[in-house]
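The block underneath contains the structure these notes are about, expressed in structure tokens.
The values are calculated or read from the model by the stated rules, or taken from the named source; none is laboratory data. These figures come from a predicted structure and were not determined experimentally. So basically every Cβ, Gly included, is an ideal-geometry build from the backbone, and we count neighbours across all protein chains shown. Surface accessibility is based on the protein's heavy atoms, side chains included, excluding ligands, DNA and RNA. Shrake-Rupley method; radii C 1.70, N 1.55, O 1.52, S 1.80 Å.
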There are 2 protein chains.
Amino acid sequence: MVVADAHTQGFSLAQYLQEQKTIVETALDQSLVITEPVTIYEAMRYSLLAGGKRLRPILCLAACEMLGGTAAMAMNTACALEMIHTMSLIHDDLPAMDNDDLRRGKPTNHKVYGEDIAILAGDALLSYAFEYVARTPDVPAERLLQVIVRLGQAVGAEGLVGGQVVDLESEGKTDVAVETLNFIHTHKTGALLEVCVTAGAILAGAKPEEVQLLSRYAQNIGLAFQIVDDILDITATAEELGKTAGKDLEAQKVTYPSLWGIEKSQAEAQKLVAEAIASLEPYGEKANPLKALAEYIVNRKN
Amino acid sequence: MVVADAHTQGFSLAQYLQEQKTIVETALDQSLVITEPVTIYEAMRYSLLAGGKRLRPILCLAACEMLGGTAAMAMNTACALEMIHTMSLIHDDLPAMDNDDLRRGKPTNHKVYGEDIAILAGDALLSYAFEYVARTPDVPAERLLQVIVRLGQAVGAEGLVGGQVVDLESEGKTDVAVETLNFIHTHKTGALLEVCVTAGAILAGAKPEEVQLLSRYAQNIGLAFQIVDDILDITATAEELGKTAGKDLEAQKVTYPSLWGIEKSQAEAQKLVAEAIASLEPYGEKANPLKALAEYIVNRKN
């Protein structure tokens with residue numbers, strides 16, 4: 001697929017995604033070497049290397065490169081972002097949480113290793129993520145600390161965990177306001193997507209106003225990403241998704257399509273992505289990867 | 001109690017512990033301000049502020065001060081160590097792990113907030129711990145990164161989590177070797193106690209050979225700590241412990257007393273502590289707090 005859009009002329013997103021995914025998969029594989037006790041490393045690697053689109057690491061690398069940094073400067077953080085994302089999926093799938101048996105087309109971590117190991121594998125991935133950022137070679141220490149602070153905010157009670165809590169509290173309620181739904185998603189999905197992009201920028205040595213501009217880009221694509229997720233939960237099959245479909249309806253979750261209908265939800269996602277792409281105009285062709293990634297987010301099928 | 005030992009003459013450990021505990025409690029209380037969503041902050045604070053001896057933060061502050069640093073330089077890391085310790089207790093108490101109802105004389109986190117929130121509260125405390133170290137004011141960024149790397153090693157698969165996994169794998173086995181028991185405890189308890197002391201030293205700007213010396217001190221008291229824990233599980237009451245007593249026997253866990261008997265276990269703990277104290281001789285009176293803390297570890301009643 002060649003995205004022949006005016007914004008990203010001549011740029012092959014499919015080729016870019018494939019290349020970047022291969023680079024990220026290799027780096028992830030090398031990030032975690034099996035040692036004693038073997039069980040925990042296997043459990044960590046089982047979920048970390050289970051595939052997925054690797055959107056978060058790719059966003060981080062793309063932001064760093066757009067701002068003049070190298071892939072090497074952002075690679076540890078890119079891997080750390082995938083470790084954190086994986087941790088959140090492992091814990092989210094637990095019986096005490098969403099109780100999911102299937103993830104990326106494979107049995108969930110606790111189905112293979114047991115609940116106790118799954119909890120510990122998540123904990124180990126989370127702490128290793130921070131360690132791995134701190135181990136980045138050839139980047140000024142001050143930048144790494146900034147990234148670590150932002151990662152902490154994105155994952156903890158101020159971010160992902162906070163979003164999960166409000167999501168849990170809203171389950172089964174039919175009168176959830178759109179503000180609450182926005183809170184859930186800007187925290188549960190949005191905060192981590194945002195730090196992918198801002199961390200990449202910070203590692204490259206971006207000025208605060210550039211980081212700010214990329215924050216807005218990321219907020220727009222983050223919300224669009226979630227709206228599309230909600231739509232796909234209704235329209236896609238389990239085979240396409242690699243996880244159970246129709247979970248939101250079954251759990252009586254309020255979603256964007258349930259509030260707005262599918263058509264208006266699609267229009268809203270398109271609008272957010274158009275804004276994200278427009279905000280990158282100052283960067284010209286250098287922004288092609290981030291622009292194409294924004295379009296991919298609304299057009300994806302899983 | 002005045003420790004009138006030759007090593008720590010005129011130093012009141014009881015007064016020191018009381019003062020330091022108060023300082024740490026205040027810092028912990030201020031470290032985590034309740035905001036939206038309230039539930040998760042309450043759950044985090046419930047366990048973080050549930051009392052306890054605060055040995056880990058006190059060790060960190062004492063090591064930093066012995067090496068010429070200030071309490072302010074080590075306070076964020078001291079709090080982070082208690083956050084990590086608290087996370088490990090919350091997750092350890094879960095039904096899928098040790099299934100404990102009582103901790104520090106109070107219902108465990110999941111008994112009060114539910115399993116889902118308890119898992120998330122642990123995750124949030126863990127990520128906040130790293131963020132909080134990275135936010136330390138007035139300490140060179142390079143030192144903070146070193147501390148973050150060591151924290152990650154101490155908590156993850158190389159440390160605490162690795163120890164937990166081998167502990168889980170050894171449960172119900174009656175033929176556990178002393179090497180395996182040592183692996184469990186140097187990882188499950190020892191690694192975090194060690195980083196308390198080495199992090200304090202690094203924050204103060206200690207030379208690598210000083211950090212090395214303090215590592216050995218911490219390894220000795222860490223193992224002594226665990227041996228005494230095993231003894232107290234047999235000899236102390238639930239009231240004294242603030243948690244269920246006799247759990248090890250019930251779970252058929254191999255412990256130091258089960259391998260060596262109580263008397264030899266006590267002698268071994270004494271020997272380890274004597275070595276730890278002797279290693280601090282070069283620091284003279286400045287080492288009084290760390291020496292007294294080592295003695296406290298073998299003489300404590302809970």
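Given the residues B:17, B:59, B:28, which is the only one that is surrounded by 20 or more Cβ atoms within 10 Å (Cβ to Cβ) and either among the β-branched types (Val, Ile, Thr) or in contact (Cβ under 8 Å) with a residue 60 or more places away in the chain (or both)?
Going through B:17, B:59, B:28 in turn, the sole match is B:59.
Checking residue A:64 against (1) over 16 Å from residue A:48 (Cβ atoms); (2) open to solvent by 20 Å² or more (accessible area, probe 1.4 Å); (3) more than 10 Å from every other protein chain (Cβ to nearest Cβ), which single condition isn't satisfied?
The number of the failed condition is (2).
Out of all the residues in the range A:70-82, which are open to solvent by 10 Å² or more (accessible area, probe 1.4 Å), touching a Leu at 6+ places or on another chain (Cβ under 7 Å) and of a type in the set (Gly, Ala, Ser)?
A:71
Is there a residue being assigned to a helix (DSSP H, G or I), in contact with a helix residue (DSSP H, G or I) (Cβ under 8 Å, 6 or more places away or on another chain) and within 14 Å of another protein chain (Cβ to nearest Cβ) anywhere in the range A:220-230?
no
Have a look at A:22, A:86, A:26, A:35 and point out the one that is within 12 Å of chain B (Cβ to nearest Cβ), more than 18 Å from residue A:201 (Cβ to Cβ) and among the β-branched types (Val, Ile, Thr).
Going through A:22, A:86, A:26, A:35 in turn, the sole match is A:35.
Among the candidates A:110, A:85, which residue alone is in contact with a helix residue (DSSP H, G or I) (Cβ under 7 Å, 6 or more places away or on another chain), in a helix (DSSP H, G or I), open to solvent by 10 Å² or more (accessible area, probe 1.4 Å) and touching a residue at least 24 places away in the same chain (Cβ under 8 Å)?
A:85
Among residues belonging to the range A:29-75 that are polar (S, T, N, Q) and not in a loop (DSSP other than H, G, I, E, B), point out the one that is nearest to the chain's Cα centre (by Cα).
Among them, the one singled out is A:47.
Is it the case, given these coordinates, that residue B:94 is within 8 Å of chain A (Cβ to nearest Cβ) and surrounded by fewer than 24 Cβ atoms within 10 Å (Cβ to Cβ)? Spell out how you get there, then give the answer.
On the way: within 8 Å of chain A (Cβ to nearest Cβ): yes; surrounded by fewer than 24 Cβ atoms within 10 Å (Cβ to Cβ): yes.
Yes.
Restricting to the range A:160-180, and then to whatever is outside any helix (DSSP H, G or I) and not aliphatic (A, V, I, L, M), can you tell me which residue is nearest to the other protein chains (Cβ to nearest Cβ)?
Step by step, filter the range A:160-180, then rank; the result is A:171.
Within the range B:181-207, how many residues turn out to be in contact (Cβ under 8 Å) with a residue 60 or more places away in the chain and part of a helix (DSSP H, G or I)?
Number of matching residues: 11.
Which one of the conditions (1) assigned to a helix (DSSP H, G or I); (2) crowded, with 20+ Cβ neighbours inside 10 Å does residue B:216 fail to meet, given that it meets all the rest?
Going through the list (1) assigned to a helix (DSSP H, G or I); (2) crowded, with 20+ Cβ neighbours inside 10 Å, residue B:216 breaks only (2).
For residues in the range B:229-279 being at pLDDT below 75 and out of contact with any Asp or Glu (no Cβ under 9 Å at 6 or more places or on another chain), which is least open to solvent (accessible area, probe 1.4 Å)? Walk me through how you get there before you give the answer.
Within the range B:229-279, the first condition is being at pLDDT below 75, and the residues that meet it are B:237-252.
Now narrow it down to the ones that are out of contact with any Asp or Glu (no Cβ under 9 Å at 6 or more places or on another chain): B:237-240, B:242, B:250.
Details: B:237: 72, B:238: 46, B:239: 172, B:240: 94, B:242: 13, B:250: 149 Å².
Among those residues, the one meeting the criterion is B:242.
Quickly run through the range B:122-143 and pick out the residues that are touching a residue at least 24 places away in the same chain (Cβ under 8 Å) and either at the interface with chain A (Cβ under 7 Å from one of its Cβ atoms) or in a helix (DSSP H, G or I) (or both).
Listed by number, the residues that qualify are B:122, B:123, B:124, B:125, B:126, B:128, B:129, B:130, B:132, B:133, B:135, B:143.
Would you confirm, using the coordinates I've provided, whether residue B:138 is modelled with pLDDT of 95 or more and out of contact with any helix residue (DSSP H, G or I) (no Cβ under 6 Å at 6 or more places or on another chain)?
Against the criterion (modelled with pLDDT of 95 or more and out of contact with any helix residue (DSSP H, G or I) (no Cβ under 6 Å at 6 or more places or on another chain)), residue B:138 qualifies.
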